[in-house]
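For reference, the structure is listed below as structure tokens.
Read-outs: derived from the displayed coordinates by stated rules, not from any lab. All figures in this text were calculated on a predicted structure; none of them were measured in a lab. Quick reminder, even Gly has a Cβ in these numbers, built from the backbone with ideal geometry, and neighbours come from all protein chains shown.
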Amino acid sequence: MRYNTSLNTHLKMEYNMIAYTRDEMVGITELSRSLNGFVDKVKNLTVEKLAIMKNNKPEAVIISTNEYERIKAIADAVEYLAIVDIIEERMPDGKVGETISLEDYHTKRISRKEK
């Protein structure tokens, strides 16, 4: 399964479909006046997310620390699966082919540049 390609396509489609309720949007000026109150809303889960609006467009989103950590864990897992895909693609039989030490690789690379 190709996680990196299919997931990237899915994420691009979903990105355009994010919706914000009226309570989840705040102008940047209003936010600067009452930052503590808005942070408390997110922290206490009164709102799931808070879109910071500038010129009637969302410019940034505030989420809780727990939500950020959950999203980060998912992103890390997806990255891991993408790496596994690359490894499986390059080693379809699961066997390591010819290898070279990093020092030897570096030496060969330098000698190619000097030519």
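Place a label point 7 angstrom from the Cα of residue 70 along the Cα-to-Cβ direction, then list the residues of segment 22-57 whose backbone nitrogen is under 15 Å away.
Inside the label zone: 42-50.
Of (1) 2, 9, 12, 13, 11, 10, 9, 8, 6, 6, 7, 5, 1; (2) 2, 11, 24, 26, 23, 12, 3, 0; (3) 2, 10, 16, 17, 15, 11, 8, 6, 5, 4, 3, 1, 1, 0, 0, 0, 0, which is the value of P(r) over Cα pairs in 5 Å bins from 0, in percent derived from the coordinates here?
(1)
Local charge sum around residue 67 (other residues, Cβ-Cβ under 14 Å, Lys/Arg +1, Asp/Glu -1)?
Working: positive: 41, 43, 49, 70, 72; negative: 24, 48, 69.
For residues surrounding residue 67, the net value is +2.
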